[in-house]
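Worksheet: the structure to be examined is printed underneath.
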Amino acid sequence: MIINKREKNSVVIFDIEGEIKRSDITDVTLHQLVKDQLETGKKHILLNFEKVEFIDSFGVGEILASYISTHNLGGKLKLARISKKLFLIFQVTMLTKVLDIVEDEETALQGFFKD
Amino acid sequence: MAKNRLSRILSRVVDIKPGEERIALLLFSYFFLITAPFMIIKSVRDGMYLDELGADMLPYAYATALLVGLVVSFHSKLQAKISRKLLILSSLAFFILTAVLFFLLFPKVSKGWTWLPLIYWIWANVFVVVIVTQFWMVVNDVFNPREAKRLIGFFGSGGILGGIVGGVLAWQFAKPNQSYKLLLFVLALLAACTVCVWAIFSWLKRSQWVMSGGGQKPGARSQEPQQAGFKACLNTVRMDSYLKLLAAVVTLTGIVSTLIDWQSKRVFEHWPTVEKNLTAFFGKFNAGLLLFSLIFQILMTSNLIKRFGIRLPLMIYPAILLLCSMGIAGLPILLFAIAIKGSDKSLSYSVNQSARELLYIPVAPEKKYKAKAFIDMFLNRFSKASVGVILLGVFLVVPLRPDRPYLRVQNLRVQIVSLVSACFIFVWIFLNLKVSKEYVSTVKEKLGREWERGDRIVDRAMDVETAKLVFDALESKNRSPDLYAMHLYDLLKKDKLTPEIKKLVGYESDEIRVASLGVLMEAEESPWTVHPDEELPPEVLQKEIREIMELDSYHQLMNGFADKVIQEKGQDAETAKMELAKAISLMDAGSPLAGRLDELLRDESSLVGRYAMEAAAKFKAREHVPLLIRKLADPSTREDARAALEKYGAKIIGMLGDYLEDPAEPPAVREAVTSVLAGIGTPDVAEFLLQALAGGQEELQSDLIDALDKIRSRTPNLPVSVEAVRMLIVKEVVHYTHEKKPSAVINIFKLLGLVYSHEDIFRAYQNIQVRTKDSVAYALELLDYTIEKEMRDLIFPVLEDFTAANKTV
């Protein structure tokens, strides 16, 4: 899994590539990357899932932990460009009840300041 | 340069912030320029009325207060239709013109126009009710509660100073039968007031001052359509319990104050040293009592309110009046008349007025103006009018009779009025207690919860464990049919294999039926894929599997399998070990195969470890705890290990504590152990974490505080020592003072939440984070009422510095 960070309109965007699985872990976890941003005062986080093929229970834990850390500080975490297959699994497992999942990056960026 | 000098001078006298100097001085002058003419008008009013009509006619004068209600209604309508600036300037113009008229007509009183003092009485009442209310409306527009609380003493002093000047002018220049000439001073002062009001609005516009109350600018109409007629104002009060209480308090204050007014005037009217020039006496008396008020205001009001909040200042006023009322009942002499009237007016203008205006501040702006119009303008007058009826009742009970000495009858009337006052004061004190309690609730209402804790949202909205199981089931599908089958069985056993999940994990069978699931067809179809729809009935399946797992031969076979795979390396062996670990997790705690878990927990693969930890969490064997704790060091196994350890519960607190306190352990392990303890969350854990904090675990300070905060959010009645928390807050204050780290502020709030209402503290924190001018002010106001003085003194400098450094918007 590869995670690249960029910023747009004071929103931190993480472009994730590969599978978020415990068997495919990098030196720093996604949650740790999000926490690092929160510590610097950045509270708007966007996870770009365009190149995410699949996630396992570890990935679910990472996403939820990132969501909780962001939310507890009054920030917002959104997911964009998630595949239809993953979205369906998110729906069935009710992750969509918690996570703010939007179609594309532009909608997500607007959403951070509209809400 | 001049601005800096002004700021320096003012900051010595009053707690004023940079940028507030000019508006504060202008408002100080505004209040001065309305109370100075009013004190002259009032001295002329009282002197002339007693001279021409006498104290026995005062009930009729009080009753005319009802007429003021009509003016109030008219004023309310005007208030809704025209801008604040136009309203105030046109009111001032009206009073200037009518004062000229009275100046021209008063000489006719000696020619038989004895009713003119009564008309003048009404005019004077209209003057005070309209002009003073308009002043407080401007204050409420410009400042939020926190700012107002800080500056209210300063504005009040301006009013008192104006009153003293007006009183001295009346005292020095009033001549018997020519007191109306004092109206020339009134005209000059009102003209100056007009200039001052103009300057205030011009400055506010120029400086683009951010208004309180949702940014509604004075003069601008509310966003909502306002119906500020009498009925709308009445309904606003009627529909709101807090405003109803305020209304009752104001009514009782008015009744008691008017009863006292009559008692004192009754004594003054015939007191030999006073009766010759009543206007001059009232001028001197008013100036003297306002001087006392000014000293009281400067030295006491702001401090009283800042130190004790609203409750105590609200209590002082009625309590002192009660004492004085008892005094004048026993001895109706000049000394007591001066004491009771002096106490009433001095406390009314200082402590009571300031505290009462603060009570209005948390009321929503659209309600506030209507309520203020009704309560201050109408009810206050109505209470005075009702005293007219009460007094006429007393006169009926104790009539003047030729066979009774005049003064004896009047003294008896004064005594009865004292008893009536005492009854009203008792009710008034009770309502003051109630209204001050409601004030805090109203401030809380203002503080909306900006966001909810993320963990609570997740807990409420979904079942994380099942979601993870589904993801693992899907993941296992491409890895091993056995592992996949075990996941399905696990879901079935946990009664989580809902039709939706069944369709999701067994997608081939739904291919034809559910077109929308076509997106899942990306994975290559495996010939061995299990079809959940075609399985045996769940209860039969469960029974059969349980029976197999209880067989000795099964265990012998599986042990052999374990012997073989545990030693092996490679991907196939990894899958086999995952299957073995998953199978063990499906067995009961006493299963002989549980003994192989130790080896599986030691396996290097995080995938094997994930299933082994699942099994360990189920069996809760103490010997596995060190292995699980080791796994906290690795990011790929940390979350699974944390979840497994959490399931052990309170029985491993001691073991976890050893790791937490061991500085040789990696920081990641100690942090994760803290998180596990937070998850266990019993009162014992909280006590242990507090001890660890007090013991100086500096590097874990924030994690330990966060853990305690999590526990407290789930356990509202968690017993925590205030003293221990105070010591920890002192540490955080020192951190903030030295390093200015925002994390110290967050920690302070989390620590406060341990000993005060977690909900209130969380709200206050969120509103400080939102950083609008009003949200910060209301948050500090809530903290003011929630936490004890000692704690306030400790943290308020930090919060004020933090909010000043992180500019509000």
10 Å Cβ neighbours from other chains, averaged over peptide B:455-466:
5
Sorted by mean Cβ packing within 10 Å, highest first, what order do the peptides B:273-282, B:113-122 take?
B:273-282, B:113-122
Most mobile of A:85, A:43, A:21 in a GNM of chain A (Cα contacts under 10 Å)
A:85
Built amide H within the under 5 Å cut-off of residue A:8, gap 5+
A:13
Under a Cβ-Cβ cut-off of 14 Å, what is the net charge of the residues other than residue B:694 that fall near it, where Lys and Arg count +1 and Asp and Glu count -1?
-3
Would you work out if region A:2-114 is rounded, prolate or oblate? Take a ≥ b ≥ c from the square roots of the eigenvalues of the alpha-carbon gyration tensor; rounded if a/c is under 1.5, else prolate when a/b is larger than b/c, oblate otherwise.
rounded
At R0 = 35 Å, how high is the FRET efficiency between residue B:722 and residue A:5 if r is their beta carbon distance? Nearest 0.05 is fine.
0.20
Output needed: percent of Cα pairs per 10 Å distance bin for chain B, bins running from 0 to the one holding the longest distance.
2, 11, 17, 16, 12, 10, 9, 8, 7, 5, 3, 1, 0
Run the quick spin-label model on residue B:275 and residue B:319: label points 7 Å from Cα toward the beta carbon, then report their separation in nm to one decimal.
3.9
Per the helix-only calculation at 222 nm, which mean residue ellipticity applies to the protein assembly as shown, given -39500 (n - 2.57) for every DSSP H run of n ≥ 4 and division by its residues, nearest 500 deg cm²/dmol?
-22500 deg cm²/dmol
When N is the residue count of the protein assembly as shown, what does its C-alpha Rg come to as a fraction of 2.2 N^0.38 Å?
1.30
On C-alpha positions alone, give me the angle between the axis of helix B:552-567 and the longest principal axis of chain B, in degrees, nearest 10.
90
Once R0 is set to 30 Å, what does the formula 1/(1 + (r/R0)^6) return for the Cβ-Cβ distance between residue A:91 and residue A:27, expressed as a FRET efficiency to the nearest 0.05?
0.40
HN-Hα J in Hz across region B:127-138 - Karplus 6.51, -1.76, 1.60, θ = phi - 60°, x for Gly and Pro
3, 5, 5, 6, 5, 5, 4, 4, 4, 5, 5, 5
Only Lys, Arg, Asp and Glu count, each charged at its Cβ (+1, +1, -1, -1), so figure out the dipole size of region A:2-114 about its Cα centre, rounded to 20 debye.
360
To the nearest 0.05, how large is the calculated FRET efficiency for residue B:203 and residue B:78 if R₀ is 30 Å and r is the Cβ-Cβ distance?
0.80
Per-residue Cβ contact counts at 10 Å, fewest first, order B:768, B:40, B:548 as B:548, B:768, B:40
If you rank B:201, B:796, B:378 by fewest surrounding Cβ atoms within 10 Å, what's the result?
B:796, B:201, B:378
Measure out, as a whole number of angstrom, how far apart the alpha-carbon centroids of region B:448-480 and region B:386-439 sit.
70
At what distance in angstrom do the alpha carbon centres of region B:664-703 and region A:81-115 lie from each other?
35
Charges at C-beta only: +1 for Lys and Arg, -1 for Asp and Glu. How large is the resulting dipole of the protein assembly as shown about its Cα centre, in Debye rounded to 20?
8040
How large is Rg over Rh for region B:27-147, taking Rg from the Cα atoms and Rh as the Kirkwood inverse mean of 1/r across Cα pairs?
1.02
Report, in degrees rounded to the nearest 10, the 0 to 90 angle that the Cα long axis of helix B:758-770 makes with the longest principal axis of chain B.
80
Name the GluC sites (Glu not before Pro) in region A:7-64 that are in a loop by DSSP and that have at most 11 other C-beta atoms within 10 Å, would you?
none
Relative contact order (percent) for chain A, with alpha-carbon contacts under 8 angstrom and 6 or more residues of separation?
25
Against the empirical 2.2 N^0.38 Å scaling, what ratio does the C-alpha Rg of region B:673-777 come to?
1.05
In region B:409-499, which GluC sites (Glu not before Pro) are in a loop and have at most 15 other Cβ atoms within 10 Å, using DSSP for the loop call?
B:450, B:452
So for the protein assembly as shown: antiparallel DSSP bridges make up what percent, rounded to the nearest 5?
30
Can you tell me the 0 to 90 degree angle between the C-alpha axis of helix B:84-105 and the longest principal axis of chain B, rounded to 10?
10
Amide H to amide H, which residues 5 or more places from residue A:79 or on other chains are under 5 Å from it, using H placed in the peptide plane?
A:47, A:100, A:101, A:102
In what order do B:423, B:196, B:233 fall by count of nearby beta-carbon atoms within 10 Å, going from fewest to most?
B:423, B:196, B:233
Relative contact order (%) - criterion: Cα under 8 Å, at least six apart; region: chain B:
13
Cα centroids of region B:538-566 and region B:65-110: how far apart, whole angstrom?
97
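A short reminder: the numbers here are calculations on the coordinates, not readings from a lab. All figures in this text were calculated on a predicted structure; none of them were measured in a lab. Reconstructed Cβ throughout: ideal geometry from the backbone, glycine too, with neighbour counts over all protein chains shown.
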